Amino acid sequence: MALTGRERVKISLNHREPDRVPLDITITVKPYQDLLDYLNMTDVLWWDDWAHVFPKPEVLKKLNIDVMHIPFGKTAKGLWDMNSGEFKDEWGCLKKRVNDKNGGFLYQLEDHPLENAKTVDDILKYKWPAPDEPKLEGLKDYVKDLYNNTDFALTMNFGGNIFERAHYLRGMENFFVDLLINPDMAEAVMKKILEINLYRDKQILKEIGKYLTYFRIQGEDLGSQAAPLISLETFRKRVKPFLETEWNEAKKEFLTQNPDGKLAIHSCGAVYGFIEDFISMGADILNPVQSNASGMDTRLIKENFGNRLSFHGAINSQGTISHGTILDIVQEVKTRIEDLASGGGYILSPSHNIQSGVNPQKIIAMYEAAFEFGQY
């Protein structure tokens, strides 16, 4: 009997080889609409504030995809209006919808509400989000239905964004200065974010943890294309304690609901030097494995960390998928499978959301190649 997507992902994340490499997709609204048109299919679109859309099961099946991402905002109350031209998120950050030349869009951060804070007291007096918002009514029933009536590995993205959220609120320059010469300010911001995240993580995992194959801590991008954003020394001294607390506490709760559950963390860019720390902090899966960033050699990453860490992503969405030919895409799929798939521990996916301007033929070619060359 053929494995289900859920079974396939579980086997791979336990560092064993299933029948083939598991597949996932992350895609924005415009290329997804184009894909639907090409496949002569329809969907009621729902996207998050990164314009990441959530494909329906029928589309995932068409592409042999094994993972289904759950749109938390679809059941939660009080979140942003996804059709708005601009909105303030619950943390008080203004985001504006910006359209691109290919008919796509993204939401651009327009302000930093704590950029003028001068003291720790200013930070503590800020109107922080209530930990018990947004409400979770309907979430458990929605996820339970997906678990019982589909065979996808289910995952959801929540929590996290401690390092990133801090510089969203303070502004990147201010926050990086804080890390070096005003550590009390940096720590006050991260501590408040951690408190809110941890409460929400535990409540969400109590509701739906038993149905998730893995859960994804939201992004903590520590690298640019060329180098880390901060030194490893500063990371370990100032940032790591907060991230490690959230990862460990959330994972502990998750394992009470699902003893085989895994924790996925997201960190874009040149983060090779952080990977050993990520493992020690409790990460089971690293996304997005940005293979075109400096030092992110997928063969070396697998060789040095592959027995302790699984990998998600690695198909270059900035270069190969966006600007390469179909032959380029097929070759990259083959390369990443050769580098990362041996012994399990790899979910093949774009290294980040597929952007506007990528035609459906490229997307279909990528998944056809992954299915063909990903057989064990």
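The values are calculated or read from the model by the stated rules, or taken from the named source; none is laboratory data. As the structure is a prediction and not an experimental result, all values here were calculated from the model. Cβ placement follows ideal geometry from the backbone for every residue including glycine, while neighbour counts extend to all protein chains displayed.
Taking ASP221, is it surrounded by fewer than 20 Cβ atoms within 10 Å (Cβ to Cβ) and touching a Cys at 6+ places or on another chain (Cβ under 6 Å)? Against the criterion (surrounded by fewer than 20 Cβ atoms within 10 Å (Cβ to Cβ) and touching a Cys at 6+ places or on another chain (Cβ under 6 Å)), ASP221 qualifies.
Looking across the range 322-352 at every residue that is in contact with a Pro (Cβ under 9 Å, 6 or more places away or on another chain), of a type outside the set (Phe, Trp, Tyr) and at pLDDT 95 or above, the one that is surrounded by the fewest Cβ atoms within 10 Å (Cβ to Cβ) is identified as GLY344. For the range 208-235, a residue qualifies if it is out of contact with any Ser or Thr (no Cβ under 9 Å at 6 or more places or on another chain) and modelled with pLDDT under 95, and the qualifying residues are ILE217, GLN218. Residues in the range 172-187 that are surrounded by fewer than 19 Cβ atoms within 10 Å (Cβ to Cβ) and either of a type in the set (A, V, I, L, M) or at positive phi (or both): 4 in all. Answer yes or no as to whether MET190 is surrounded by 18 or more Cβ atoms within 10 Å (Cβ to Cβ) and in contact (Cβ under 8 Å) with a residue 60 or more places away in the chain. So MET190 fails the test. Take the residues in the range 97-114 that are touching a Leu at 6+ places or on another chain (Cβ under 8 Å) and charged (D, E, K, R), then tell me which one is nearest to ALA51 (Cα to Cα). Applying the filter and picking the extreme gives ARG97.
Every listed requirement among (1) modelled with pLDDT of 95 or more; (2) out of contact with any Ser or Thr (no Cβ under 6 Å at 6 or more places or on another chain) is met by PRO18 save one, (2).
Criterion applied to PHE215, PHE254, PHE242 was being part of a strand (DSSP E or B) and either buried (at least 19 other Cβ atoms within 10 Å of the Cβ) or in contact with a helix residue (DSSP H, G or I) (Cβ under 7 Å, 6 or more places away or on another chain) (or both), and the one residue passing it is PHE215.
Residue count for the range 88-145, restricted to those that are at pLDDT below 95, buried (at least 16 other Cβ atoms within 10 Å of the Cβ) and among the small types (Gly, Ala, Ser): 2.
Of all residues in the range 6-59, those satisfying the criterion of being under 23 Å from TYR346 (Cβ atoms), aliphatic (A, V, I, L, M) and within 18 Å of the chain's Cα centre (by Cα) are VAL9, LEU13, LEU23, ILE25, ILE27.
Give the residue, chosen from GLN257, GLN318, that is of a type outside the set (Ser, Thr, Tyr) and at pLDDT below 95. Break it down into steps so the answer makes sense when it comes.
Details: GLN257 fails: at pLDDT below 95.
Just a single option satisfies the conditions, and that option is GLN318.
Answer with yes or no whether ASP201 is of a type outside the set (A, V, I, L, M), assigned to a helix (DSSP H, G or I), over 26 Å from SER291 (Cβ atoms) and within 18 Å of the chain's Cα centre (by Cα). When the stated conditions are applied, ASP201 passes them. Restricted to the range 272-316, and to residues there that are outside any loop (DSSP other than H, G, I, E, B) and small (Gly, Ala, Ser), the residue that is surrounded by the most Cβ atoms within 10 Å (Cβ to Cβ) is ALA314.
Quick check, is ALA2 exposed (fewer than 15 other Cβ atoms within 10 Å of the Cβ), small (Gly, Ala, Ser) and modelled with pLDDT under 95?
It is true that ALA2 is exposed (fewer than 15 other Cβ atoms within 10 Å of the Cβ), small (Gly, Ala, Ser) and modelled with pLDDT under 95.
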